[in-house]
Amino acid sequence: MTYGARSWIGRIGSLVSLLALIGSVESGDRFIDQVEYGKFPKLYDYDDFEACRRNFREQYIYCVVKANIRPDNESLVWRSISHFSEDERHYQHRMQERGLCVQQCDLSIGKGQAVTSEGHTHADQLRTCINSQLLAEYGLQVESDVEIFHCYNKFNENLPFDWLEIMFMALALLLLVAVCFSTWYDLLIESASGFPDNYFSRSHNTSNDRLLTAFSIPRNIRRLKEPIDSLTKKDMAFVEAFRFGQMHRVILLHIILVMVKVPKVNPEGIEKKLYHPLTVHYVAEFQHYVQSFFSISGMLLAVNFLEHIEANPKFDMQYFWSRLRARLYRLVPAYAFIILLEASISRRFMSGPIGQHLVGDSHGKCRKLWWSNLLFVNNYSYSDSPCLIQSWYLSADMQLYIFALGTLMVIWRWPVLKRYLLTAGIAWGFILTTIVVYTRNVSPVMTEDLKLNEQYNFGHSYFQLYQPFHMNISIYFAGMLAGFIYHRYRSTRRDFLKSRLQINTFWTLVLVYFFTCFTDSWVVEHRSTMSPLVLALYATVFKHSWGVLCTVIHLRSALQTRRSRFRSFCGHPIFRVLGKLCYSFFLIHFTVILQVLGSVKQPIYFSPRGVVEFMMSIQMWTLLYGTLLCILIELPMNVALRELLERRKERSPTVATETEITDRAKSSRG
């Protein structure tokens, strides 16, 4: 290591230590005194659901309701609740959420056995029951407009199947038949061919055989492991490990978002955490996950494009449509399957008061807004009420892919425009972010607003910078620029790695990134006293700091000339398989989260240990169901659609393999 590099590291280490000291100072506002907090009415209070079903059997009625406390300025408790609820780091304690057994409620207020009418006709009874408890313990009452989420009774436990559920079951049965037949047919051909070596790794010679064996299980298992048969694939192998790791950070993020919404015995557990600088930073880092994937997508898209035009220098507009079509073959079938699952039968896998509260929301939105997902516009249309909360990323990524691919086609036709288009694309996001934050008073970083817990924080002002594709162009184009640089220097790697400009750029980006890491909580705490222009500039730097650094890390790793432990670990074959599964993991994981957390029958206790326990269970089921989704739907439908819609072309096995590999330019998520 040169003296200059050592001095850079020393300076950065000193500055990072100083910034860590500054960032470790917690907010001056402390959480409310625990004794005072204990005087508040319970935010969530649920009767025993199973006891209600057991004690009242055929006549039981159990309702989940919300009611706002009636303002009473003469009450000290009310004034404390009202003041405490103003902070976005706190839940809305002026609202009470209750799970009430209607019969038990009537018995407790002296009405005797309740009537057993079906439907939401119990608002007055439930309000009286809530008031009796609030008056006795806190001297408060609730407003007359009690909101009933859902009432469970014997009549709606087993509703008749509707047409969407029948459609899903018919599709599942058809899929099962296709898998069984395709596997049997493939094994039959293998037997007739004399059990040749690597039979399932080779594509069939005829389109009919490729179509009939598309759903073959052993063949699709082999498709999970891509062979590294070129220098480019060897250089980029580390990306799969990075993608898989980021994917699981996304899953953990979404677990916590659902736990914020789920009723809790101790809501103060989350409210206290939001005062800690590390929690503020953790929430602020949410947007960095998708920046990582956009960077990967842009880089792989550019590399694959440049390799194509190197072999086919003549301009051909057909390339644009072939790449877009191949991408849709890969994305849409599994995506449509998950949307249909959410809109139809997923609600039947849970019973209990929390299940309908979680799945009912997704169920209704998927039935109503499925078209915006499949048209890849849901990051603009109904963006604050998503069918699947992760699906906005698929739309943004698709829009960026189309826009970036169109830009590359222009560069192919007029190479002289390359420098101007890439520069404009990268500069666009920086300038636009500053303008949006300055003019619209957007939060400089993402924060958790517990008032938005029902919408999983959707509706937060920062989402103006987070979801739209036009706010994410910079990092995607930075990834494309990295792809151009890789393609330019892959035969002269040492020139790039020794470049003083490259070294200084890398360490400057490291410094900028750590600066944002250790100052974000301080900026959040003092944003009301800071200049709007300073906040806008800080937001711009924060939003792009990790994405640009991540892009440079990918570029440096791809052009490494020496064997490193990082490359050896990230290039392990297991990550090639897991990377291939990431898209299916991304699609299925939120459905798994809702099923696991929605199956609890009482408010949960929020704690780090509880988060880990739920996380382990959810990760296990996500791995299982994601693998099945990939092997049974994603991979076979990709092959089947190509054979059905492009049968006029008899492709060689080599071309078929290249199509699958090139399609990996998409990012797996967020």
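Here are the numbers:
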read-out: Failed condition for GLY626, given (1) modelled with pLDDT of 50 or more; (2) open to solvent by 50 Å² or more (accessible area, probe 1.4 Å); (3) small (Gly, Ala, Ser); value: (2)
read-out: Residue ranges of helices (runs of 4 or more DSSP H) in segment 1-119 with at least 2 members at pLDDT below 50; value: 3-23
read-out: Of all residues in segment 585-603 being open to solvent by less than 10 Å² (accessible area, probe 1.4 Å) and out of contact with any Ser or Thr (no Cβ under 7 Å at 6 or more places or on another chain), the one that is modelled with the highest pLDDT; value: LEU587
read-out: Conditions (1) modelled with pLDDT under 90; (2) under 20 Å from the mean Cα position of the chain (by Cα): number failed by MET350; value: (2)
read-out: Test for LYS66: is it under 15 Å from ASN131 (Cβ atoms), open to solvent by less than 60 Å² (accessible area, probe 1.4 Å) and not small (Gly, Ala, Ser); value: yes
read-out: Qualifying residue in segment 546-564 (condition: closer than 17 Å to HIS281 by Cβ, open to solvent by 20 Å² or more (accessible area, probe 1.4 Å) and touching a helix residue (DSSP H, G or I) at 6+ places or on another chain (Cβ under 6 Å)); value: yes
read-out: Some residue of segment 173-186 being open to solvent by less than 40 Å² (accessible area, probe 1.4 Å) and touching an Asp or Glu at 6+ places or on another chain (Cβ under 8 Å); value: no
read-out: Verdict on LEU452 being in contact with a His (Cβ under 7 Å, 6 or more places away or on another chain), of a type outside the set (Asp, Glu) and open to solvent by 20 Å² or more (accessible area, probe 1.4 Å); value: yes
read-out: Residue match in segment 540-548 (condition: of a type in the set (D, E, K, R), within 26 Å of the chain's Cα centre (by Cα) and over 29 Å from THR627 (Cα atoms)); value: yes
read-out: Total residues in segment 604-623, condition free of Cβ contacts under 8 Å to residues at least 60 places away in the same chain and buried (at least 19 other Cβ atoms within 10 Å of the Cβ); value: 0
read-out: Helices (runs of 4 or more DSSP H) within segment 241-314 that include 1 or more residues among the hydrophobic types (A, V, I, L, M, F, W, C) and over 30 Å from GLY571 (Cα atoms); value: 268-273, 277-284
read-out: Pairs where the first residue, in segment 30-45, is of a type in the set (Asp, Glu) and the second is surrounded by fewer than 17 Cβ atoms within 10 Å (Cβ to Cβ) and in a helix (DSSP H, G or I), C-beta under 7 Å, 6+ apart; value: GLU36/SER80
read-out: Single residue of VAL541, VAL534 found to be under 21 Å from LEU432 (Cα atoms), open to solvent by 10 Å² or more (accessible area, probe 1.4 Å) and in contact with a Ser or Thr (Cβ under 7 Å, 6 or more places away or on another chain); value: VAL541
read-out: Of residues in segment 365-390 being in contact (Cβ under 8 Å) with a residue 24 or more places away in the chain and part of a helix (DSSP H, G or I), the one surrounded by the most Cβ atoms within 10 Å (Cβ to Cβ); value: ASN373
read-out: Residue list for segment 285-318, restricted to those being of a type in the set (Asp, Glu) and either more than 28 Å from ILE251 (Cβ to Cβ) or open to solvent by 20 Å² or more (accessible area, probe 1.4 Å) (or both); value: GLU307, GLU310, ASP316
read-out: The listed residue being touching a residue at least 60 places away in the same chain (Cβ under 8 Å) and not hydroxyl-bearing (Ser, Thr, Tyr), out of LEU253, LEU224, LEU212; value: LEU224
read-out: From PHE518, PHE496, PHE506, PHE542, residue being out of contact with any strand residue (DSSP E or B) (no Cβ under 7 Å at 6 or more places or on another chain), closer than 22 Å to ASN472 by Cβ and aromatic (Phe, Trp, Tyr); value: PHE542
read-out: Segment 455-486, subset open to solvent by 40 Å² or more (accessible area, probe 1.4 Å) and in a helix (DSSP H, G or I), residue nearest to ASP235 (Cα to Cα); value: ILE485
read-out: Output for segment 260-284, where each listed residue is open to solvent by less than 10 Å² (accessible area, probe 1.4 Å) and of a type in the set (Lys, Arg); value: LYS261, LYS264
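Residues checked against (1) open to solvent by less than 10 Å² (accessible area, probe 1.4 Å); (2) assigned to a helix (DSSP H, G or I); (3) closer than 19 Å to LEU324 by Cβ:
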| residue | (1), (2), (3) |
| --- | --- |
| ALA396 | yes, yes, yes |
| LEU400 | yes, yes, yes |
| ALA404 | yes, yes, yes |
| LEU417 | no, yes, no |
| ILE426 | no, yes, no |
| THR434 | no, yes, no |
| VAL442 | yes, no, no |
| MET446 | yes, no, no |
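The values are calculated or read from the model by the stated rules, or taken from the named source; none is laboratory data. Computed from a predicted model, the values in this text were never measured in an experiment. Please note: Cβ atoms are built from the backbone with ideal geometry, for glycine as well, and neighbour counts cover all protein chains shown. All accessible areas refer to the heavy atoms of the entire protein, side chains included, with ligands and DNA or RNA removed. Shrake-Rupley method; radii C 1.70, N 1.55, O 1.52, S 1.80 Å.
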